[in-house]
1. Do we have Leu177 as modelled with pLDDT under 90 and touching a helix residue (DSSP H, G or I) at 6+ places or on another chain (Cβ under 6 Å) here?
2. Please name all residue pairs, on different chains or six or more residues apart, with Cβ atoms under 8 Å, provided the first residue is in segment 114-131 and is modelled with pLDDT under 90 and the second residue is among the polar types (S, T, N, Q).
3. Give just the number: which of (1) on the phi < 0 side of the Ramachandran plot; (2) open to solvent by less than 30 Å² (accessible area, probe 1.4 Å) does Gly176 not satisfy?
4. Collect the residues in segment 141-159 that are open to solvent by 10 Å² or more (accessible area, probe 1.4 Å) and assigned to a loop (DSSP other than H, G, I, E, B), keeping them in residue-number order.
Amino acid sequence: MIGYLRLELRRTLRAPGFLIFTIIMPLVMYLIFTNLGRVTGEDHADDAALYAMISIGGFGAIGALLNYGASIVTDRSSGWLRHLRLTPLSPLRVVLGKALTGMLLALPPVIALCVAAAGINGVRLSAGQWLAIVPMLWLGSAPFVLLGLGIGYLCTAQTVQPANFLAYFGFSLLGGLWLPLRTFPDWLRTIGALTPTHGYADLPLRVVDFNDRPATSDALVLGGWFVVFAAFAVFAYRRSASRRDA
């Protein structure tokens, strides 16, 4: 299992798109948003830098997980998944290995944004706040690795990018990762509060007093989506196993 994890991690890190889409793009967005305008809606520049560190850090982590999940389509078409089924690895361990690899890939964009926030934008937090925010941004992204795996197992080479785009940008926009939810109309705010991205970002935002919603409501929303995406990933994997190109 450890060997399989190393192999998956090495294969992904060698892909040129990983560095561009999961680290460089969120980092550039963060520096532009926090230094050329106050698009986050916060009154003070320091608040904007802190808010954007959490929201765009989460955006980067989700992007890493969805892009990783989409790579399953390539694995399927190249015969890599068929090859894995011939090894002693059980299907459950293969899926679990992919999920764990994806979670490891979600950490670099979170770390990169936090380092940029502290080193370039002068964000200052207590040690306890850093120790709470970084794990929340990392581990809280777990539902999205399941969503990415489900999309990767279910979609074809022609449909995986549109599906990823809709999930990535749709959930990010509706969940308030680009703009605070309070800037939305009431009806859209109600919908946004039920998205996994909102529950995901709201928990670390609470650590720095950006909202006063009960933490239990965000945890329930995120936990509910975790169950939904897990069921979706299992369904997609079984569907993939029955197809000829799998």
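The values are calculated or read from the model by the stated rules, or taken from the named source; none is laboratory data. From a predicted model like this one, the values you see are computed outputs, not experimental measurements. A quick note on method: Cβ atoms are made from the backbone with ideal geometry, for glycine too, and the neighbour counts reach across all protein chains shown. Accessible surface areas use protein heavy atoms only, side chains included; no ligands, DNA or RNA. Shrake-Rupley method; radii C 1.70, N 1.55, O 1.52, S 1.80 Å.
1. Values: modelled with pLDDT under 90: yes; touching a helix residue (DSSP H, G or I) at 6+ places or on another chain (Cβ under 6 Å): yes.
Answer is yes for this residue.
2. Note: pairs meeting the criteria are Asn121/Thr34; Asn121/Asn35.
3. Every condition holds for Gly176 apart from (1).
4. Selection gives Cys155, Thr156, Ala157, Gln158, Thr159.
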